[in-house]
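To start, the structure under review is shown below, and the notes come after it.
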Amino acid sequence: TIERWGRIDGLVNNAGSFQAIGPVSEVAADKWLGDIKTDLYGPFLCSQQALRQMLPRKRGYILNVIGGGVQGPLPYGSAYACSKAALMRFTETLAAELEGTGVRVFAMSPGLVRTELVEHQISSPEGQKWRAEDINSRLAEGGGVPPTLGANLALLLVSGRADKLVGRGFRATEDMDGVLRRTDEILAKDLRVLRMVGYG
C-alpha cells in the first residue's frame with residue numbers, strides 16, 4: 001500500500017474465520033485457536049502496522065468488523081463469539097490510547113451478509129449439525145443484509161461525521177443519521193460500548 005499510494009488513510013479489519021463450530025466439549029482446539037488468531041490477533045497485527053504509518057501523519061481511521069458474540073452468547077460458536085467480543089474491547093482500548101493523536105477507531109457490524117463464512121456455517125458437516133438451522137431461519141426472516149450497507153457505514157465512519165463517538169460500535173442496518181443526532185445522549189449514558197451489566 002505504501003509503495004503504491006504513499007500512505008495509509010484507513011484500515012478495515014474485515015478478515016474473519018468461523019471454523020470452530022460445535023460445543024466446547026467437542027470442538028477441535030486447533031480450529032478454536034485458529035479462529036481467535038484470525039479474528040483477534042489478525043486485527044492487532046494489521047492495526048499495529050497501520051498505526052506506524054498513521055501516527056506520524058496524525059490522522060487515520062481503523063474500523064474493526066465485529067459480529068455475533070458482542071451483543072450476547074453465540075452457542076456452538078464460542079471462538080468466534082469470544083474473538084468478536086474481545087475485538088470490541090480492543091476497539092475501545094485502542095481508541096482510548098489514541099486520544100489526541102488524530103487516529104480514530106470504530107467497531108462496525110455488517111449484519112448477516114451471505115459470505116463464505118456464513119456459507120460454511122450452513123453447508124459444512126459441523127455447521128449443518130450445530131448452526132445451519134439458526135442461520136437459515138435468520139436468512140429466511142430478512143433475506144440477509146446487502147454488503148453495500150456495510151460499505152456505506154464504513155464510508156460514513158471515515159468521513160469524520162461520527163468522530164465524537166470514537167471507540168464505539170455501530171450496525172450497518174441502523175439509521176446512522178438518527179444515531180448521530182443522539183451523540184450527546186450516547187456520550188452521557190456511555191452507550192454503544194462493551195460493559196458488564198451489574199458488575200461491581
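The values are calculated or read from the model by the stated rules, or taken from the named source; none is laboratory data. Please read all numbers here as calculations on a predicted model, not as lab measurements. Using ideal geometry, Cβ is built from the backbone for each residue, glycine included, and neighbour counts are taken over all protein chains shown. Please note that ligands, DNA and RNA were not included when accessible areas were found on the heavy atoms of the full protein model with its side chains. Shrake-Rupley method; radii C 1.70, N 1.55, O 1.52, S 1.80 Å.
Here's a check for you: in the range 160-184, which residue that is open to solvent by less than 70 Å² (accessible area, probe 1.4 Å) and over 18 Å from L94 (Cβ atoms) is nearest to the chain's Cα centre (by Cα)?
Only one residue tops the list, namely A172.
Do any residues in the range 95-108 that are farther than 17 Å from D9 by Cβ have Cβ atoms under 9 Å from those of residues that are polar (S, T, N, Q) and part of a helix (DSSP H, G or I), where the two are at least six apart or on different chains, and which pairs are they?
Qualifying pairs under 9 Å: A107/T91.
If I filter the range 69-108 down to residues being small (G, A, S) and touching a Ser or Thr at 6+ places or on another chain (Cβ under 9 Å), which single residue comes out as nearest to S47 (Cα to Cα)?
Here the residue is A107.
Being out of contact with any helix residue (DSSP H, G or I) (no Cβ under 9 Å at 6 or more places or on another chain), within 25 Å of D9 (Cα to Cα) and among the small types (G, A, S) is the requirement here; does G160 meet it?
yes
Taking the condition of being closer than 19 Å to L194 by Cα and acidic (D, E), how many residues in the range 18-71 meet it?
Summing the residues that are closer than 19 Å to L194 by Cα and acidic (D, E) in the range 18-71 gives 1.
Answer with yes or no whether E116 is under 20 Å from the mean Cα position of the chain (by Cα) and either open to solvent by 30 Å² or more (accessible area, probe 1.4 Å) or free of Cβ contacts under 8 Å to residues at least 24 places away in the same chain (or both).
Judged against the criteria, E116 is a match.
Can you tell me which of E92, E126 is open to solvent by 20 Å² or more (accessible area, probe 1.4 Å), assigned to a helix (DSSP H, G or I), at pLDDT 95 or above and not β-branched (V, I, T)?
E92
Give, as residue ranges, the helices (runs of 4 or more DSSP H) completely inside the range 1-82 that count at least 3 residues that are touching a residue at least 40 places away in the same chain (Cβ under 8 Å) and open to solvent by less than 30 Å² (accessible area, probe 1.4 Å).
42-57
Would you point out the residue of the range 131-157, among those that are part of a helix (DSSP H, G or I) and among the β-branched types (V, I, T), that is surrounded by the fewest Cβ atoms within 10 Å (Cβ to Cβ)?
Here the residue is T148.
Looking at A29 and the list (1) at pLDDT 95 or above; (2) closer than 19 Å to G169 by Cβ, which single condition is not satisfied?
Going through the list (1) at pLDDT 95 or above; (2) closer than 19 Å to G169 by Cβ, A29 breaks only (2).
Consider only pairs whose beta carbons are under 7 Å apart and that are at least six residues apart or on different chains; among these, list those whose first residue lies in the range 153-182 and is over 20 Å from G111 (Cβ atoms) and whose second residue is crowded, with 20+ Cβ neighbours inside 10 Å and of a type in the set (F, W, Y).
V166/F106
For the range 61-89, how many residues are in contact with a strand residue (DSSP E or B) (Cβ under 8 Å, 6 or more places away or on another chain), at pLDDT below 95 and of a type outside the set (G, A, S)?
Count: 1.
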